[in-house]
Amino acid sequence: MPRRTSLVILGARGRMGQRLSRDFAQAGFSVAGFDLPLDRARLHAAVAAARFVVLAVPVAAVAEATALVAPALSEDTILMDITSVKVLPLQQMLGATTTPVVGLHPLFGPDTQAPLRVAVVPGRGDEAACAAETLLKDAGYAPFRTTASAHDQAMAYIQGLNFLTTVAYLCATPDLDLTPYLTPSFGRRMEAAAKLVGEDAALFSTLVEANPFSLEAARRFRSYLNLTASGDLELATRKAEAMLWWWRTTTSSGGP
């Protein structure tokens, strides 16, 4: 059993907040969960005594959540967020505090079994990032170190552009009943699109707006869409084939 560590999780009733609270508690850590409506006196008392404070809140709420806990942070308390973008939340947390800050992004959902990879972005203090990595490993997660810019550039394609192009693809669908013509591959795409747009549109819209690399990714996509629309499919296909190197490397090595 790892040493007992005190954590405060703000946003503990959200799906990811519940997941983290459960995982850390099962790993033997002392977890204090808070959510709306807040008892500020109790929250500040818990934060003052905590080793880690985790903001399990939407990216739009990070600034407000940071301002809420900042007065109670001790000099060695590590403040962390778990949003899917990192540049903006880290700027907000660093700007409102003088204490250790680390950005996290769990690359899994509330119900995922494995792999439980977590991106770790140092904010203020390398020792804080190392302590966060140790905490995550003790809880059964697989942390890896990155930078805010590298993370957000990747997420601009993995999350942002995937959402934007899916929205545009559905908008471009002809006003026809396509049911008689369905193929298995198209059906799989529509299942993914139905969840992405039908259930998670608000979430991904917010992430696109908060990611400073979203427009760059959209412009890059537009340039290649124009290339394919011009009829030069051979050139575009060669380019697409070349860009599959990372996926083939990942799948051949048994990675995620």
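Is it true that residue 47 is surrounded by 22 or more Cβ atoms within 10 Å (Cβ to Cβ) and more than 27 Å from residue 214 (Cβ to Cβ)? It would help to see each step written out before you state the result.
On the way: surrounded by 22 or more Cβ atoms within 10 Å (Cβ to Cβ): yes; more than 27 Å from residue 214 (Cβ to Cβ): yes.
When the stated conditions are applied, residue 47 passes them.
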Study note, to complete from the structure: Of the residues in the stretch 1-25, those that are open to solvent by 50 Å² or more (accessible area, probe 1.4 Å) and over 23 Å from the mean Cα position of the chain (by Cα) come to 1, 3, 4
Practice item. May I ask you to list pairs of residues, at least six apart or on different chains, whose Cβ atoms are under 7 Å apart, with the first in the stretch 239-256 being touching a residue at least 24 places away in the same chain (Cβ under 8 Å) and the second being assigned to a helix (DSSP H, G or I) and β-branched (Val, Ile, Thr)? Key: 256/250
Study note, to complete from the structure: Taking first residues from the stretch 140-154 that are open to solvent by 60 Å² or more (accessible area, probe 1.4 Å) and second residues anywhere that are among the aromatic types (Phe, Trp, Tyr), the pairs with Cβ under 6 Å that are 6 or more apart or on different chains are 153/213
Practice item. May I ask you to list the residues in the stretch 60-82 that are free of Cβ contacts under 8 Å to residues at least 60 places away in the same chain, in contact with a helix residue (DSSP H, G or I) (Cβ under 8 Å, 6 or more places away or on another chain) and farther than 19 Å from residue 121 by Cα? Key: 67, 68, 70, 71, 72, 73, 74
Review point. Among the residues of the stretch 168-201, which ones are within 19 Å of residue 109 (Cβ to Cβ) and either of a type outside the set (A, V, I, L, M, F, W, C) or open to solvent by 80 Å² or more (accessible area, probe 1.4 Å) (or both)?
Key: 188, 191, 195, 198, 199, 200
Review point. Condition test on residue 112, is it modelled with pLDDT of 95 or more and of a type outside the set (A, V, I, L, M)?
Key: no
Exercise for review: State all residues of the stretch 241-250 that are under 26 Å from the mean Cα position of the chain (by Cα) and either at pLDDT 85 or above or surrounded by fewer than 11 Cβ atoms within 10 Å (Cβ to Cβ) (or both); if no residue qualifies, say none.
Suggested key: 243, 244, 245, 246, 247, 248, 249
Point to revise | helices (runs of 4 or more DSSP H) contained in the stretch 129-243 and holding at least 1 residues under 30 Å from residue 21 (Cα atoms) | key: 148-155, 162-171, 184-198, 201-210
Study note, to complete from the structure: Exception for residue 32 within (1) hydrophobic (A, V, I, L, M, F, W, C); (2) under 14 Å from residue 68 (Cβ atoms); (3) surrounded by 13 or more Cβ atoms within 10 Å (Cβ to Cβ) falls at (2)
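From the list 127, 133, exactly one residue is buried (at least 16 other Cβ atoms within 10 Å of the Cβ), free of Cβ contacts under 8 Å to residues at least 40 places away in the same chain and acidic (Asp, Glu). Which is it?
So the residue among 127, 133 that is buried (at least 16 other Cβ atoms within 10 Å of the Cβ), free of Cβ contacts under 8 Å to residues at least 40 places away in the same chain and acidic (Asp, Glu) is 133.
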Revision key, fill the gap. For the stretch 32-53, pairs from a residue that is assigned to a loop (DSSP other than H, G, I, E, B) to a residue that is surrounded by fewer than 17 Cβ atoms within 10 Å (Cβ to Cβ), with Cβ under 7 Å and 6 or more apart or across chains, are 35/13; 50/6; 51/6
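The values are calculated or read from the model by the stated rules, or taken from the named source; none is laboratory data. Just so you know, these numbers come straight off a predicted model, no measurement behind them. Cβ sites come from the backbone with ideal geometry, for glycine too, and all protein chains shown count toward neighbours. The area values use the complete protein model at the heavy-atom level, side chains included, leaving out ligands, DNA and RNA. Shrake-Rupley method; radii C 1.70, N 1.55, O 1.52, S 1.80 Å.
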